[in-house]
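These notes concern the structure reproduced below.
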Amino acid sequence: MFGQYLRRIETRTFRIDTDVGEELDELARKDKVSVNIIANQALRKHVEYDSYAEKFGLVTISKDLLKTLFGLISDEEARALGKKSGEQTGVALVSFWFKKFNPENVIRSFERIASHYNRNFKFEHSNNGQEHLLILRHDSGPRASAFYAESVKAMFALLNVKVELAESEDQVVAKLLIPEQERATITEAPIPIELVQIYGYQPHRRLV
């Protein structure tokens with residue numbers, strides 16, 4: 001079942017430093033988008049991520065460093081760390097950000113936090129009404145796959161969701177068997193209006 005909608009928008013006036021305005025103009029020219037789109041993206045990132053990340057204690061590291069760190073531990077250590085991360089940090093993060101720990105919000109945390117903002121991996125999500133397919137693509141090596149696989153499995157195990165996993169050196173594929181009573185709550189995240197303006201597609205929400 002599909003339904004189309006647009007987010008509500010409003011007009012506000014802000015005062016900004018001259019040098020910031022000049023940088024905005026330059027970015028808009030370079031990216032061939034409006035200043036409004038760039039400003040809206042920046043504000044969205046602050047309200048959706050930055051304000052929470054600082055309070056939660058998240059830090060940003062380069063992909064090269066992340067790959068190096070994973071390379072320094074064994075497969076068993078990566079899996080143990082992933083399991084602990086999923087059971088503790090993952091649950092706390094989802095609950096802190098989205099106020100409720102459930103399958104929908106776990107998927108949202110992968111898409112919005114880990115992928116879109118932290119850029120730990122590229123994330124894809126699809127479903128056929130009974131099974132959800134999650135794909136986590138990264139370039140951090142096999143230990144990273146082991147870590148992400150165990151983290152995903154641990155988080156969904158706490159929600160009584162069976163997970164079938166397939167790992168390769170640069171990606172993890174997770175098939176979720178959602179209990180029937182939970183299926184109606186899993187939705188795709190709405191597409192921000194600024195992305196509609198950039199890429200030309202219409203935002204929608206899909207109900208399973």
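The values are calculated or read from the model by the stated rules, or taken from the named source; none is laboratory data. What you are looking at is a predicted structure, and each value in this text was computed from that prediction instead of being measured. Because the Cβ atoms are built from the backbone with ideal geometry, glycine has one as well, and the counts that use them run over all protein chains shown.
The residue of region 174-187 that is modelled with the highest pLDDT, among those that are surrounded by fewer than 18 Cβ atoms within 10 Å (Cβ to Cβ) and under 18 Å from PHE123 (Cβ atoms), is LYS175.
When ARG79, ARG29, ARG8 are checked against the criterion of being out of contact with any Leu (no Cβ under 6 Å at 6 or more places or on another chain), closer than 19 Å to SER145 by Cβ and either of a type outside the set (Val, Ile, Thr) or without any contact (Cβ under 8 Å) to a residue 24 or more places away in the chain (or both), ARG79 stands alone in meeting it.
Here's the yes/no breakdown for (1) touching a strand residue (DSSP E or B) at 6+ places or on another chain (Cβ under 7 Å); (2) part of a loop (DSSP other than H, G, I, E, B); (3) modelled with pLDDT of 90 or more:
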site	(1), (2), (3)
GLY3	yes, no, no
ASP25	no, no, yes
SER51	no, no, no
THR60	no, yes, no
LYS67	no, no, yes
ARG79	no, no, yes
LYS83	no, no, yes
GLU87	no, no, yes
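Considering the conditions (1) part of a helix (DSSP H, G or I); (2) closer than 18 Å to ALA144 by Cα; (3) touching a helix residue (DSSP H, G or I) at 6+ places or on another chain (Cβ under 8 Å), ILE73 is excluded by exactly one of them, (1). Residues in region 89-124 that are of a type in the set (A, V, I, L, M, F, W, C) and part of a helix (DSSP H, G or I): VAL91, ALA92, LEU93, VAL94, PHE96, TRP97, PHE98, VAL106, ILE107, PHE110, ILE113, ALA114.
From the list PHE110, PHE123, PHE70, exactly one residue is in contact with a Gly (Cβ under 8 Å, 6 or more places away or on another chain) and at negative phi. Which is it?
PHE70
Among residues of region 35-48 that are in a helix (DSSP H, G or I), those with a Cβ under 7 angstrom from a residue that is of a type in the set (Lys, Arg), sequence gap 6+ or separate chain, pair up as GLU48/ARG112.
So in region 129-139, with the set limited to residues that are within 17 Å of the chain's Cα centre (by Cα) and assigned to a loop (DSSP other than H, G, I, E, B), which one is farthest from ASN105 (Cα to Cα)? Top of the filtered list is ASP139.
Only a single criterion out of (1) modelled with pLDDT under 90; (2) of a type in the set (D, E, K, R); (3) crowded, with 17+ Cβ neighbours inside 10 Å is not satisfied by ARG143, namely (1). Tell me yes or no: at least one residue of region 60-67 is more than 15 Å from the chain's Cα centre (by Cα), surrounded by 13 or more Cβ atoms within 10 Å (Cβ to Cβ) and of a type outside the set (Lys, Arg). Checked region 60-67: at least one residue is more than 15 Å from the chain's Cα centre (by Cα), surrounded by 13 or more Cβ atoms within 10 Å (Cβ to Cβ) and of a type outside the set (Lys, Arg).
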